[in-house]
Amino acid sequence: MRHLKSASKSAGEKNANSANVASLVRKVIDDIRVNGDAAVRQYSEKFDSWSPPSFKLSDEQIQEAIAAVSEQTIKDIKEAQSNVRRFAEAQRASLKDFEIELQPGVFLGQRSLPIHRVGAYVPGGRYPLLASAHMTILTAKVAGVKHVIGCTPPIAGRIPHATIAAMHLAGADEIYLLGGVQAIAAMALGTETIPKVDFLAGPGNAFVAEGKRQLFGEVGIDLFAGPTEILVVADEHADPYTCAVDLLSQAEHGPDSPAILVTNSEAVGQKTLEWVEKLLTILPTANIAGVAWESFGEVIVTDSLDEAYAVADEYAAEHVEILTKNPREALDKMSHYGAIFLGENTCVSYGDKCIGTNHVLPTRKAARYTGGLWVGKYLRTTTYQEVRDPQASGELGRLCGRASRAENFEGHARSGDLRAAKHLKDEYEWIVVSRGNEPL
């Protein structure tokens, strides 16, 4: 394995400001915890120059925003949401409640119950990520969440009409024009006017991500997210121009977004490098993508395609695109990725915007232990137990007593002993002492 291009910055440099971010976020959260709406308004004015009479959009404002969006954009939002909805519904259908009779008279069951109230953050900033409304709000509603609060920031002091339209069409029950840590903290903690949620979902910048990290535990979160990542696995049959276009398509997310090519063909690697440089002279977002490519772009050449798959698995990237002669081979060769995109016809951007799978995915190697946002993230797997047969209860009581005493849990043991005494007529001195001669 050898590098034709290495990242000029390390992960350590990328996270160099994390301590400052954490300190600022902690200050904002603590202030909102104590001062509620007043603090939310203060930070909205400071960071977004936005202080309307109410951060919550009225039905009239929402309808005005929808009316300001072109008919084609509304159609496109609806089509993308239809794709997301159909896939999410298939995911939900795959999760079955069940009950089994584990042994005669002993019934165990499992139920998937939706979270009651969810807060969905839809980023604005550099790009109005209206597709995040599909991924967070719509998926929550398919899961059965009763109440979804959506927050998105104003853009240059204005309402982002298309984003509001997407949030409404996705099924948001309330929409607040509020961004950044102040939005995350307000939803997680609750204020005088913003209800407290049980779970936070959605991507965001470093401050939003840190806010979710610090609030995790008080509320659930979808993922600890970092900058967007793409890794392309290409063989000698791949088109270098396609490799370059797709690498830059994700590098434009931000100046700290890694874009990596792993190939068994040095020719493909060299030509991809050449195309990247040419494309950066004409790409409108080159000022961002170029910085990301220079700082965190890599081109790696391996001795074989199997080695390329192994290298890619080690990176455990958020998005993995397979540009090889037999792309489905990667499903057997790889296991660590947020989402995998098979073949030249399937670009990562489809997943970001419209194909139907969720674009909120693990980054920074988190794909080694978790998947992305999906219907199941909005559900709580709960269990129930019922012992209907007295004989079975007595036998379990004996087992519970022995198992508990092996761990020195005498109180637990006595709960089991009591059932064994009632149903199997076992005798225990402590029961006789406490109950006297009263029959069990």
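In summary, the aspartates and glutamates within cross-link reach of K196, defined as a Cα separation below 18 angstrom excluding same-chain residues under 8 places away, comprise D30, D31, D37, D173, E174, E218, D222.
By accessible area, using a 1.4 Å probe on protein heavy atoms only, the chain has 51% of its surface on carbon and sulfur. Database remark: amide H of I300 closer than 5 angstrom to the amide H of L4, L261, V262, T263 (H placed geometrically; neighbours at sequence offset of 5 or more, or on other chains; Pro and chain starts carry no H).
In sequence order, region 245-261 has phi-based couplings of 4, 6, 4, 6, 4, 9, 4, 6, 4, x, x, 10, 8, x, 9, 10, 10 Hz under the Karplus curve 6.51 cos²θ - 1.76 cosθ + 1.60, θ = phi - 60°, and Gly or Pro positions carry x. More than 28 Å apart: what percent of Cα pairs in the chain qualify? For the chain, the fraction of Cα-Cα distances above 28 Å is 58 percent.
Placing unit charges on C-beta atoms (Lys and Arg positive, Asp and Glu negative, everything else neutral), compute the dipole magnitude of the chain about its Cα centre in debye, rounded to 20. Walk me through the numbers on the way to the answer.
Details: 45 positive and 56 negative charges, 211 e Å.
Once rounded to the nearest 20, the dipole reads 1020 debye.
Using C-alpha pairs under 8 Å with a sequence gap of at least 6, the mean separation divided by the residue count of region 243-380 gives a relative contact order of 21 percent. Translational diffusion coefficient of region 239-322 (Stokes-Einstein, Kirkwood radius from Cα pairs, 25 °C, 0.890 mPa s): 192 µm²/s. Indicate the gyration tensor shape class of region 288-413 (rounded, prolate or oblate), computed on the Cα atoms with a ≥ b ≥ c the square roots of the eigenvalues: a/c under 1.5 is rounded; otherwise a/b larger than b/c is prolate and the rest oblate. Prolate shape, in that a/c is at least 1.5 and a/b is the bigger ratio. Taking only the Cα atoms of region 146-205, the radius of gyration and Dmax are 11.2, 32 Å.
Summary of the geometry: region 237-259 and region 172-229, compared by the centres of their Cα atoms, lie 29 Å apart.
Taking the longest Cα principal axis of the chain as reference, the axis of helix 390-405 is set at about 70 degrees. For region 44-168, the solvent-accessible area with a 1.4 angstrom probe is 50 square angstrom per residue. Looking at region 314-440, the accessible area is 58 square angstrom per residue; that uses a 1.4 Å probe and ignores ligands, DNA and RNA.
Going by average Cβ neighbours within 10 Å, how do the peptides 410-420, 195-205 rank, with the highest at the top?
Details: 410-420: 17.9, 195-205: 22.5.
Per-residue mean Cβ counts within 10 Å order the peptides as 195-205, 410-420.
As a rough guide to protection, the peptides 61-67, 24-30, 142-148 ranked by mean Cβ packing within 10 Å, highest first, stand as 142-148, 24-30, 61-67. When a/c is below 1.5 the answer is rounded, else prolate if a/b is larger than b/c, else oblate, so apply that to region 127-251 with a ≥ b ≥ c taken from the square roots of the Cα gyration tensor eigenvalues. Because a/c hits 1.5 or more and a/b exceeds b/c, region 127-251 counts as prolate.
The peptide list 110-117, 256-263, put in order of mean Cβ contacts within 10 Å with the highest first, becomes 256-263, 110-117.
Helix-only mean residue ellipticity at 222 nm, the chain, DSSP H runs n ≥ 4 weighted -39,500 (n - 2.57), per residue, nearest 500. What is it? Walk me through the intermediate numbers first.
Working: 18 runs with 198 residues, N = 440.
Calculated mean residue ellipticity at 222 nm is -13500 deg cm²/dmol.
The values are calculated or read from the model by the stated rules, or taken from the named source; none is laboratory data. As the structure is a prediction and not an experimental result, all values here were calculated from the model. Counting neighbours? That spans all protein chains shown, and the Cβs are built from the backbone with ideal geometry, glycine included. Accessible surface areas use protein heavy atoms only, side chains included; no ligands, DNA or RNA. Shrake-Rupley method; radii C 1.70, N 1.55, O 1.52, S 1.80 Å.
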